[in-house]
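> Pasting in a structure now, in structure tokens, and then I'll have a few things to ask.
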Amino acid sequence: MCGIIVRAGVGDALGELLTGLENLEYRGYDSAGVALRRSDGEIAVCKREGETEALRSDLDADRLSGAVGIGHTRWSTHGAPSDANAHPHTDGENRVAVVHNGIIRNHETLRAELRDRGHEFTSETDTEVIPHLVADALDAGRDPSAAFRSAVDRLEGSYAIAIVVEDSDEVYATRRGSPLVLGLGETANYLASDVPAFLEFTDRVVYLEDGDVVVVDADGYQISDVAGDPIERPVETVDWNAGDARKGVYNHFMRKEIDEQPVSLRQTVDGRIENGRSVLSEFPPGSLSDVDEVIFVACGTSYHAGMYGCTLLRRRGIPATAVPANEFAHEPMPLSDRTLVIAVTQSGETADTLASLRAAEESPARTLAVTNVVGSTAAREADDALFIRAGPEIGVAATKTFSSQVAAIALLADQLEASGAGRPDRRADPAQSNDRDSHDASADTEGSISELDTLPDLVETVVNDGGAARLATQYSEADSYFFIGRGVGYPVALEGALKFKEITYEHAEGFAAGELKHGPLALVTPATVVVAVFTGRNDDRTLHNIREAQSRGAPVIGIGPDSARAARETVDEYLSYPAVDPDFAGILANVHLQLLAYHAAEIRDRAIDKPRNLAKSVTVE
Ligand code: F6R
């Protein structure tokens, strides 16, 4: 879960490498470094503990001049954050410099073997074996490309790697289990862990596959396998623009991305609803009719979107379960060829989610990736991909992608229902398959999918509501924050608590509203703020749960529809959203919760876009 940037072109590389590193900081930010091949052929390295800013202020630009270079921003897995453990790593004689994302599982064996041959190591990282392996192969008389391939052949684990070698204008790189994408510019070519790293320089990309080895210089690139046999990959154009990946007038990407939700949601939905029904071009008529059950596998916020999706599907009569990806991967469930396993993942690169996708692929089940990143590993490995089209999300805390994930899953749920999924009886008679009123479970969802069209405007009113900022200040002294909800409000309560804890570092927990009385109530005191999510469905039950908390002295913030009089009158404070189908109420309530967390973190002066110990893309299990 580190970030790699490579630049090979004409003119000086340093500026573009630093821009790339800053664009990649959401992947890790405990140390950063660059290595450039200078015009005299030597390799110059500079690396520092801390963010790219620390590196930038310490750079000797004269020493680090050169047209070809590699850069890295790190999130520690082996070895604490320090100058020594920062990347790039070099061999003893500074002939080879390496940046690496992932884990080399056999690094201890390789290290022992290299030590026996006289190599000395200066860091605690698994990465450091790579430059030594390459240097060994150069000493054995191999050219740099062959030396790199022979080193890669010795590695076990998951990795994306890029190296520069003294006296060579080329960069050598490979991937296995960690992302790496090639960018093709006018005056330079790039490699990076993710497209936003070089988006301001080019939008023409080649998505590399596991096992690809690529040689890049100013003039072009060649892809081969590890044996050196050539491979062709298509050149694609990405439709994100560089402005999307910049902060602009905002202090934080998170706030920008919260505000972008009306636009990102519209992008998710545009062209996907016709005559009140979802029409996902990814699934031609009949292609979903043999689905009997759905299992969502995902992590963190994406898991909450999967839980939300379960409620939407079950209400349409389709059995659905959400399982945390790491649990699913290692405790597999019985799956049949009528099971649809949906991996929900913003990045498409989360290791736990990929592991669960791969476990499902070994079963008869069909797999689908719901993701934001075209060309991501999940999109390529699943049988099908449904893109949420939210645009780049840079803040570590997921915001706009949650709304878009839920909207995309709602569209899918509608299409599954129309296909007769989950109801083998209806499949026998296709004439029934669009008849919503013929079964109770979906009777009250009539027309709801059309409401997705108006949802962006409703989100706009919540984004512009100042209530969350006021309450974040008013309740800033609490000991704990409990979030409760039911139905689609339950995953939203979990998501509200996750967002709150990850960026404020305060104690926050989410519960199903009815669970409060089964244990957590023992913790409720006047210093516990209870945030209750109302959706317009079963709200009277949530009111009972609130009263239990209020009778222990806890202040309660309600989040619910404008029209919910009883809720408004019961709670201490109320944040409202416009009337909406209860299926989508959770999306609106969640925007208030995002803002509550954001402002609470702002008051505490937290590193909102880069919370401690967290990285945007978790590419290790
Ligand atoms: C929380 C957050 C994480 C991610 C999780 C999965 O704000 O962003 O919990 O949701 O790491 O990431 P993706 O969706 O990329 O698989």
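> Between residue 153 and residue 552, what is the FRET efficiency for a Förster distance of 51 Å, r being their Cβ-Cβ separation, to the nearest 0.05?
Efficiency, rounded to the nearest 0.05: 0.20.
> Round to a whole angstrom and tell me the spacing of the C-alpha centers of segment 158-185 and segment 191-217.
Cα centroid of segment 158-185 versus Cα centroid of segment 191-217: 9 Å apart.
> Now for a different question. Measure out, as a whole number of angstrom, how far apart the alpha-carbon centroids of segment 288-348 and segment 370-423 sit.
After rounding, the separation between the Cα centres reads 12 Å.
> Do you know the relative contact order of segment 549-588, to the nearest whole percent, from alpha carbon pairs under 8 angstrom that are 6+ apart?
So the answer I get is 38 percent.
> Let me ask you something else. When only Cα pairs under 8 Å and 6 or more residues apart are kept, what is the percent relative contact order across the chain?
Once normalised by length, the contact order is 11 percent.
> Using a 1.4 angstrom probe, figure out how much accessible area the chain has per residue, in square angstrom, rounded to the nearest whole.
Accessible surface, normalised per residue, equals 36 Å².
> Is there a pair in 247/400; 47/501; 247/501 whose C-alpha atoms are over 21 Å apart, and which pairs would that be?
Over 21 Å Cα-Cα: 47/501; 247/501.
> Ignoring ligands, DNA and RNA, please state the percent of accessible area on segment 3-245 from carbon and sulfur, probe 1.4 Å.
41 percent
> How do the peptides 54-67, 451-464 rank, highest first, by the average count of neighbouring beta carbon atoms within 10 Å per residue?
Highest-to-lowest ranking by the protection proxy: 451-464, 54-67.
> State the antiparallel share, in %, of DSSP beta bridges confined to the chain, rounding to the nearest 5.
Percent antiparallel among DSSP bridges in the chain is about 60.
> Got a number for carbon plus sulfur as a percent of segment 355-423's accessible area, 1.4 Å probe?
Whole-percent figure for carbon plus sulfur exposure: 50.
> Something else now. Nothing charged except the Cβ atoms of Lys and Arg (+1) and of Asp and Glu (-1): what's the magnitude of the dipole of the chain about its Cα centre? Round to the nearest 20 debye.
My answer is approximately 1500 debye.
> When the distances between all Cα atoms of the chain are binned every 10 Å from zero, what whole-number percent does each bin get?
3, 17, 25, 23, 17, 10, 4, 0, 0
> Given labels modelled 7 Å from the Cα in the Cβ direction, how far is it in nm from residue 541 to residue 124?
In this crude label model, residue 541 to residue 124 measures out at 4.9 nm.
> Which semi-axis lengths, in whole Å and largest first, follow from the square roots of five times the eigenvalues of the Cα gyration tensor of segment 294-394?
So the equivalent ellipsoid measures 19, 16, 12 Å along its semi-axes.
The values are calculated or read from the model by the stated rules, or taken from the named source; none is laboratory data. Bear in mind the structure is a predicted one, so any value in this text is a computation, not a measurement. Every residue, glycine among them, receives a Cβ derived from its backbone with ideal geometry; neighbour counts consider all protein chains shown. Accessible surface is based on the protein model in full, side chains and every heavy atom, while ligands, DNA and RNA are left aside. Shrake-Rupley method; radii C 1.70, N 1.55, O 1.52, S 1.80 Å.
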